[in-house]
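First the structure, then my questions, so here it is.
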Amino acid sequence: MAIATPSIHEPRPAAGHPPVPAHTAPVSPGKVAMWLFLATEVMFFTGLIGSYIVLRAGSPHNAYSNLYAPARLLLEPALGDTHGVILEKVGASEAEVERILHSVAGLSAEAAKKVIEEAPHGIIGELTAEKAQALAAALHATGAEAKVEPVLTHNWPKPYDELTNPLAINLTAANTFILICSSLTMVLALSAIQRGNRAKGSFFLLATVLIGSTFLSIQVYEYCQLGIFHHYPPGISATGHFRPSVSLFASCFYTMTGFHGAHVTGGVILLLVIFIGSLMGRWSATNYSPVELAGLYWHFVDLVWIILFTIVYLV
């Protein structure tokens, strides 16, 4: 009978000691693959954010203003004495306001109606200080509310500036908190599955899917408001709608948030597949690697959004 002898590559146990356990890799191939994939994603978003920073830094100091459409050439000598009147409230006599806009400001009937429709951000620009004051006084006499504004220019729209920046920061801050909560539920789902509690793991996986879907729904709502339903003053868009073509800021906004939204959509689909697998009993205390890998991707997506929210919305 042949006697099996240990391979020269296997560790030999010392006399009187238990066998040496077989060597195992510290990380699984799946985890290595996920980290490599995330490394490429880090490079992608780094390039995207870096491009945004470069474009913003190179934007002219007068590219955006409170009275004129983005990218309009504003000559320096004309800026000093240029004023505008912002119609905040029309009041009871719309016809009288329209007459004053036509007679005092020199607007056509069509342009006057457009200014009235755009209240509280109806802007009558390219006025001298004296003419702007006279127009505002005439509007006040009809019961309308109007204020005189000198032209103010910026290289990039300022946060909470309703005349140059249409982004709803408070809504998006709440949406950011919602997405952060999904990271917590993802951690709880993985922990429950690792402990063998399949029902609890399925519950938290479903919660993560629903929270991620809520984030996407709010982002779609924001896009609809920006591009379709809401009408913005000229300092934001010459067309009244904030779409990718209206300014460099708009193009950067939709590019960065759109790419992130695509990643969140992919993550929600992945987690939905993981959730279905949990319902089918595929994951257990000894088999949870796909859940862990999906969690790594989801945490990365959350982290990227925190950076994008800070740079695009708050700075």
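Table: residues versus (1) free of Cβ contacts under 8 Å to residues at least 24 places away in the same chain; (2) in contact with a Leu (Cβ under 9 Å, 6 or more places away or on another chain).
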{"site": "189", "(1), (2)": "no, yes"}
{"site": "194", "(1), (2)": "no, no"}
{"site": "220", "(1), (2)": "yes, no"}
{"site": "236", "(1), (2)": "no, yes"}
{"site": "242", "(1), (2)": "no, yes"}
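Another one. Could you list, in sequence order, the residues of the range 282-305 that are over 23 Å from residue 36 (Cβ atoms) and of a type in the set (Val, Ile, Thr)?
The one that is over 23 Å from residue 36 (Cβ atoms) and of a type in the set (Val, Ile, Thr): 286.
Do we find that residue 96 is surrounded by fewer than 16 Cβ atoms within 10 Å (Cβ to Cβ) and charged (D, E, K, R) in this structure?
no
While we're looking at this one, here's another question. Name the residue that is farthest from residue 239 (Cα to Cα), counting only residues in the range 110-144 that are touching a helix residue (DSSP H, G or I) at 6+ places or on another chain (Cβ under 8 Å), of a type in the set (Val, Ile, Thr) and free of Cβ contacts under 8 Å to residues at least 60 places away in the same chain.
Keep residues of the range 110-144 that are touching a helix residue (DSSP H, G or I) at 6+ places or on another chain (Cβ under 8 Å), which gives 111-113, 115-116, 122-124, 127, 135, 138-139, 142, 144.
Pick out the ones that are also of a type in the set (Val, Ile, Thr) and you get 115-116, 123-124, 142.
Restricting the remaining residues to those that are free of Cβ contacts under 8 Å to residues at least 60 places away in the same chain gives 115-116, 124, 142.
On the way: 115: 13, 116: 16, 124: 16, 142: 29 Å.
Ranking the qualifying residues of the range 110-144, first place goes to 142.
Here is a further query. Any residue at all in the range 218-231 that's charged (D, E, K, R) and not in a helix (DSSP H, G or I)?
Scanning the range 218-231, I find no residue that is charged (D, E, K, R) and not in a helix (DSSP H, G or I), so the answer is no.
Further question: Would you pick out the residues in the range 269-292 that are surrounded by fewer than 20 Cβ atoms within 10 Å (Cβ to Cβ) and aliphatic (A, V, I, L, M)?
If the condition is that a residue be surrounded by fewer than 20 Cβ atoms within 10 Å (Cβ to Cβ) and aliphatic (A, V, I, L, M), then 269, 270, 272, 273, 276, 279, 280, 285 are the ones that fit.
Something else now. If you check residue 26 against the conditions, is it at pLDDT below 55 and either in a loop (DSSP other than H, G, I, E, B) or assigned by TED's automatic domain parsing to the domain that holds residue 297 (or both)?
Spelling it out, it is not the case that residue 26 is at pLDDT below 55 and either in a loop (DSSP other than H, G, I, E, B) or assigned by TED's automatic domain parsing to the domain that holds residue 297 (or both).
Being closer than 30 Å to residue 292 by Cβ and modelled with pLDDT of 75 or more narrows it down to one of 42, 54, 97, so name that one.
42
Can you spot a residue in the range 220-228 that is under 14 Å from the mean Cα position of the chain (by Cα) and farther than 30 Å from residue 125 by Cβ?
Yes, the conditions are met somewhere in the range 220-228.
Looking at the range 267-281, I want the residues that are among the acidic types (Asp, Glu) and have a partner that is surrounded by 21 or more Cβ atoms within 10 Å (Cβ to Cβ) and not in a helix (DSSP H, G or I) with Cβ atoms under 9 Å, at least 6 apart or on another chain. Which pairs are those?
That search, which allows pairs on different chains as well, returns nothing.
Give just the number: which of (1) in contact (Cβ under 8 Å) with a residue 60 or more places away in the chain; (2) within 19 Å of residue 297 (Cβ to Cβ); (3) within 14 Å of the chain's Cα centre (by Cα) does residue 169 not satisfy?
All conditions pass for residue 169, except number (2).
Check whether at least one residue in the range 287-304 is at positive phi, touching a residue at least 60 places away in the same chain (Cβ under 8 Å) and not in a helix (DSSP H, G or I), and report yes or no.
Within the range 287-304, none of the residues are at positive phi, touching a residue at least 60 places away in the same chain (Cβ under 8 Å) and not in a helix (DSSP H, G or I).
Quick check on the range 115-135: of everything there that is of a type in the set (A, V, I, L, M), surrounded by fewer than 19 Cβ atoms within 10 Å (Cβ to Cβ) and out of contact with any Pro (no Cβ under 8 Å at 6 or more places or on another chain), which residue is farthest from residue 82 (Cα to Cα)?
This residue is 116.
The values are calculated or read from the model by the stated rules, or taken from the named source; none is laboratory data. For clarity, every value in this text was computed on a predicted model and none was experimentally measured. Neighbour counts run over all protein chains shown; Cβ positions are idealised from the backbone, glycine included.
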